[in-house]
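For reference, the structure is listed below as structure tokens.
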Amino acid sequence: MPQPSETRKPPTEAEAFYREAVAFYREIEARASAAMKVDFTATLKSLNKVRLPPYGVMTVLGGVVEKLPSGQYDAALDTDEGRVVIRSAKRTDRATDPQFVSSSASLLDDAAADSSVLTPDQLLDQLANAGTNPPCRLLCEAELTRFVPSQHEALLPLLWRYILNHRNSNDRDELVAVGSAIRKYIAIMPMDRMGELAVLLKSGNRSPLPIELEIEVAKMVYRNFEVHPPVDANPQPELAQRLLEIVQAYTNPRILLRDKHSAAASLAIEAIVSMRSSLAEQAWQAAISCPYRWFAELVSDDLDDLHKRWSIDHPDAAAWLGELRNRVVARV
């Protein structure tokens, strides 16, 4: 029998909330790990449109966890309150403009807050001075650093050199750094130079780009054209052709169910369509012709969302996409 002086005080509201949060995330980890051991055909991408509620505890019924090239993890979960996506770093708004750059004032404020963080100028100097083999951490740090437009022309060739020199690496850390370099490069490169990315997807390279990096290229191409659709159709035909080769290879029914292949194929299709390519109908038809109905629905749902976004700010592009959808549906 405890003495009165030894009686434990009831937890404060903050302590109770913390305990519930810890229990919630332990439950997520346990259930998501179990889900990965079964044939879970739903992809993380198909749940991208769902957002985690701002507070509260939900019961996790099932789900899947995906490891990204950056080493972080995304989780797509079925809960008693519906489907949600949890991202380890931050929630991702797919409609955010990759080309957006914050002001230089905010950069200085961030650097002043933590003296151990390299400023953009210091990071550029270290990347330039490191030659062809800079430390992987510099590339990952560059991805997270906000550079002003005047610094882009100095950074772009440094990122491109690293991508080309290390794309065939067998070292996991270097491939993570290549993924960071690809995402940053495509996010800040001028839209009219997007076609040069075809070099990365060219099938004649001595070894194919790892599928994780193919996903990064297709995803970033889509995100750029999602926000900045071309005024004129078919602006980058060679890049579209390389993306179509991914679609044709990975929508093979014997290939599509393999790890990450459905994500790569769907993103490549959506990138081709967002480019307003002359190959868009052929790419979309590949999804419709696939024997797996869930894959065709996934692509069509994402492109319906693209049409809604374009309808707000880009009516000409939305009209083109509407006509494309009608042609594809007419062939079903």
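The values are calculated or read from the model by the stated rules, or taken from the named source; none is laboratory data. Please read all numbers here as calculations on a predicted model, not as lab measurements. No Cβ is skipped: glycine too gets one built from the backbone with ideal geometry, and neighbour counts run over all protein chains shown.
Among helices (runs of 4 or more DSSP H) lying entirely in region 145-201, which contain 1 or more residues that are β-branched (Val, Ile, Thr) and surrounded by 19 or more Cβ atoms within 10 Å (Cβ to Cβ)?
149-166, 172-188
For region 230-243, what are the residues that are crowded, with 20+ Cβ neighbours inside 10 Å, closer than 23 Å to residue 318 by Cα and modelled with pLDDT of 95 or more?
Within region 230-243, 239, 240, 243 qualify.
Pick from 277, 300: which is in a loop (DSSP other than H, G, I, E, B) and either of a type outside the set (Phe, Trp, Tyr) or without any contact (Cβ under 8 Å) to a residue 60 or more places away in the chain (or both)?
277
Among what's in region 267-289 and is of a type outside the set (A, V, I, L, M) and touching a Phe, Trp or Tyr at 6+ places or on another chain (Cβ under 7 Å), pick the residue that is nearest to residue 303 (Cα to Cα).
The initial filter retains those residues of region 267-289 that are of a type outside the set (A, V, I, L, M), namely 270, 274, 276-278, 281-282, 284-285, 289.
Restricting the remaining residues to those that are touching a Phe, Trp or Tyr at 6+ places or on another chain (Cβ under 7 Å) gives 270, 274, 276.
Values: 270: 7, 274: 9, 276: 12 Å.
Going through the qualifying residues, I end up with 270.
Which condition breaks for residue 95 when tested against (1) within 20 Å of residue 224 (Cα to Cα); (2) of a type in the set (A, V, I, L, M); (3) modelled with pLDDT under 55?
(3) is the only condition that residue 95 fails.
Does region 282-304 hold any residues that are charged (D, E, K, R) and surrounded by 16 or more Cβ atoms within 10 Å (Cβ to Cβ), and which are they?
Applying the first criterion (charged (D, E, K, R)) to region 282-304 yields 293, 297, 301-302, 304.
Result: 302, single match.
For region 140-151, does any single residue satisfy the condition of being out of contact with any helix residue (DSSP H, G or I) (no Cβ under 8 Å at 6 or more places or on another chain) and acidic (Asp, Glu)?
No, the conditions are met nowhere in region 140-151.
Residues of region 265-299 being polar (S, T, N, Q) and at pLDDT 95 or above, which ones? Can you show your working first?
Kept after step one, since they are polar (S, T, N, Q), are these residues of region 265-299: 266, 274, 277-278, 282, 285, 289.
Correct list: 266, 274, 277, 278, 282, 285.
Does at least one position in region 203-224 carry a residue that is assigned to a loop (DSSP other than H, G, I, E, B) and over 30 Å from residue 299 (Cα atoms)? Lay out the reasoning, then the answer.
Our first condition is that a residue be assigned to a loop (DSSP other than H, G, I, E, B); within region 203-224, this holds for 203-210.
Then keep just the ones that are over 30 Å from residue 299 (Cα atoms); that gives 206.
Looking through region 203-224, at least one residue is assigned to a loop (DSSP other than H, G, I, E, B) and over 30 Å from residue 299 (Cα atoms).
If we keep just the residues of region 305-323 that are among the acidic types (Asp, Glu) and under 25 Å from the mean Cα position of the chain (by Cα), which is surrounded by the most Cβ atoms within 10 Å (Cβ to Cβ)? Spell out the reasoning first.
Residues of region 305-323 among the acidic types (Asp, Glu): 305, 313, 316, 323.
When the remaining residues are screened for being under 25 Å from the mean Cα position of the chain (by Cα), the result is 305, 313.
On the way: 305: 16, 313: 10.
Among those that are among the acidic types (Asp, Glu) and under 25 Å from the mean Cα position of the chain (by Cα), it is 305.
Report whether or not residue 241 is farther than 30 Å from residue 155 by Cβ, touching a residue at least 12 places away in the same chain (Cβ under 8 Å) and either in contact with a Ser or Thr (Cβ under 7 Å, 6 or more places away or on another chain) or in a helix (DSSP H, G or I) (or both).
Numbers: farther than 30 Å from residue 155 by Cβ: no; touching a residue at least 12 places away in the same chain (Cβ under 8 Å): yes; either in contact with a Ser or Thr (Cβ under 7 Å, 6 or more places away or on another chain) or in a helix (DSSP H, G or I) (or both): yes.
Criteria not met by residue 241.
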